[in-house]
Amino acid sequence: MTDATSATSATPTIVFVHGAWADASGFGGVIRALGDRGYTAIGFANPLRDLTGDAAYLASLLRTIAGPIVLVGHSYGGAVMSSAATGNEQVQALVFCNGWMPDEGESIQQLFESGGPFAGSLVPAAIRPVPFTNPDGSEGVDLRLDRELFPAAFAADVDPEAAKVMAATQRPWSGAGYAGPSGPPGWRSIPCWYLVGTEDRAIPPAGQRWMAERGNAQIEEVAASHASMVSQPEAVTGLILSAVEATSRSQP
């Protein structure tokens, strides 16, 4: 059995997959905490262009890593990591942090628009489409969050000045990522853990629980906004260590 507080030859590499309107630096506090325990962490630069392409890009990175892997995905990053993990036997666990868990053929847009447990999100009203032209002349649309509405929708429990910086530096999410259907999800075959942010105004907590229960994930809750990895890094770290310990124990 692997000790989750110290590194061994069987210790997994932890790969972080950020979501829309963010970057991997949001996991900084978690990465530092895991580094103090001897873990190697990689912050994946999610392109945020479309689910199929983003997952393929992550899958190519995972193929360069030796040994076991634990994937941690926030928001849209959950959908990306789940697709990328399918068929990769090195991936021991998926840890969703306020993350999307679409099933095969589902899009995040469909889940948002389905109402029910996803009703009440502040994100749809805060989205500001920005058209762009690709190098080949085709048209696309980037989705940004209104800077004034960003803190309430995304980071209500983050220091206000830090939230302003997050709003100013947000990376746009392509409309193709929002509307594109998922491929076969890794959560159907890989053990999952899910951190529900009970104060999340981007993905309503009821929607998070619904996805986590459908995916048979081990669920923990934290009183946090959508940016729980920024405001509550200790909760995210603890859940990752739980996943590492449980999956390492199950290895031969």
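Selection within region 178-219: residues that are charged (D, E, K, R) and open to solvent by 10 Å² or more (accessible area, probe 1.4 Å). The member of this set that is farthest from SER121 (Cα to Cα) is ARG188.
If I filter region 59-74 for residues that are crowded, with 23+ Cβ neighbours inside 10 Å, in contact with a helix residue (DSSP H, G or I) (Cβ under 7 Å, 6 or more places away or on another chain) and outside any strand (DSSP E or B), do I get at least one hit? So far as region 59-74 goes, no, none of its residues is crowded, with 23+ Cβ neighbours inside 10 Å, in contact with a helix residue (DSSP H, G or I) (Cβ under 7 Å, 6 or more places away or on another chain) and outside any strand (DSSP E or B). Only one of these is more than 21 Å from SER189 (Cα to Cα) and crowded, with 19+ Cβ neighbours inside 10 Å: PHE16, PHE27, PHE96. Name it. Just one listed residue meets the conditions, PHE27.
Within region 233-252, if we keep just the residues that are in contact (Cβ under 8 Å) with a residue 60 or more places away in the chain and within 27 Å of LEU149 (Cβ to Cβ), the residue that is surrounded by the most Cβ atoms within 10 Å (Cβ to Cβ) turns out to be VAL236. The residues listed here are SER121, SER114; of these, the one that is at pLDDT below 95 and surrounded by fewer than 19 Cβ atoms within 10 Å (Cβ to Cβ) is SER114.
Out of all the residues in region 207-215, is one or more out of contact with any helix residue (DSSP H, G or I) (no Cβ under 8 Å at 6 or more places or on another chain) and within 19 Å of ILE31 (Cα to Cα)? No.
No other residue among VAL17, VAL30 is among the aliphatic types (A, V, I, L, M) and over 12 Å from the mean Cα position of the chain (by Cα) apart from VAL30. HIS226 meets the conditions (1) in contact with a helix residue (DSSP H, G or I) (Cβ under 8 Å, 6 or more places away or on another chain); (2) outside any loop (DSSP other than H, G, I, E, B); (3) closer than 27 Å to ALA56 by Cα in every case but one. The failed one is (2). Restricting region 136-177 to residues that are open to solvent by 40 Å² or more (accessible area, probe 1.4 Å) and among the hydroxyl-bearing types (Ser, Thr, Tyr), the residue that is nearest to GLU221 (Cα to Cα) is THR169. When each of PHE27, PHE112 is tested for being of a type outside the set (Val, Ile, Thr) and touching a residue at least 40 places away in the same chain (Cβ under 8 Å), the lone residue that passes is PHE27. Within region 178-190, residues that are under 11 Å from GLN109 (Cβ atoms) reach partners that are polar (S, T, N, Q) and assigned to a loop (DSSP other than H, G, I, E, B) with beta carbons closer than 9 Å, at six or more positions or on different chains, in the pairs TYR178/SER107; ALA179/SER107; GLY180/SER107; PRO181/SER107. Taking (1) in a loop (DSSP other than H, G, I, E, B); (2) open to solvent by less than 40 Å² (accessible area, probe 1.4 Å); (3) among the small types (Gly, Ala, Ser) in turn, GLY87 satisfies each apart from (2).
The values are calculated or read from the model by the stated rules, or taken from the named source; none is laboratory data. For clarity, every value in this text was computed on a predicted model and none was experimentally measured. FYI the Cβ positions are ideal-geometry reconstructions off the backbone, even for glycines, and counts take in every protein chain you see. Quick note on the areas: whole protein, heavy atoms, side chains included, nothing else; ligands and nucleic acids left out. Shrake-Rupley method; radii C 1.70, N 1.55, O 1.52, S 1.80 Å.
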